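Worksheet: one structure, shown below.
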Amino acid sequence: MPYPIESEQLTTADLANAANSPAREEDASVGFNEKSHLSEEEHAGPLLASDFSDDMRKRWETIQTGFVDDPRVSVQQADELVAAAIKKLAESFADARSQMEADWSKGKDVSTEDLRQALRRYRTFFQRLLAV
């Protein structure tokens, strides 16, 4: 049975802003895979910037190691780490959309090719998400 779609529209900006964090971490930028065609490499490419991913991996190792001494704290930290990764990913999509909307509001034309590439990034992410 298919899942119902909510009647209220939800954007990645809504997701990124849901935490209402007073300060965003601008130094850990998130990049999209910029391949011009959908391929196996694109599905395997990183969704987050390598410096952000490296930091997250180090934090995960610390959390996992700490499980022996304090399992509750490790689970809490793991949840926070996952939330941070999801938020950063949502921000990347929201930032890309905001840039296009800013161009539109200035009267700039966003080319069909730019829109096609944006839709491809969404499609690639969506396919990867459902494949997990």
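The values are calculated or read from the model by the stated rules, or taken from the named source; none is laboratory data. Just so it is clear, the structure is predicted and the values come from calculations on it, not from any experiment. When we count neighbours, we look across all protein chains shown, and the Cβ atoms used for this are built from the backbone with ideal geometry, even at glycine.
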### Task
Report, ordered by the first and then the second residue, all pairs with beta carbons closer than 9 Å, sequence separation of six or more or different chains, a first member in the stretch 112-132 that is in a helix (DSSP H, G or I), and a second member that is of a type in the set (Val, Ile, Thr) and modelled with pLDDT of 90 or more.
none
### Query
Got at least one residue in the stretch 87-95 being hydroxyl-bearing (Ser, Thr, Tyr), crowded, with 16+ Cβ neighbours inside 10 Å and more than 17 Å from residue 121 (Cβ to Cβ)?
no
### Matching residues, the stretch 96-111, being free of Cβ contacts under 8 Å to residues at least 40 places away in the same chain and either surrounded by 15 or more Cβ atoms within 10 Å (Cβ to Cβ) or part of a helix (DSSP H, G or I) (or both)
99, 100, 101, 102, 103, 104, 105
### Options 69, 51: the member that is within 15 Å of the chain's Cα centre (by Cα), loosely packed, with under 12 Cβ neighbours inside 10 Å and at pLDDT 90 or above
51
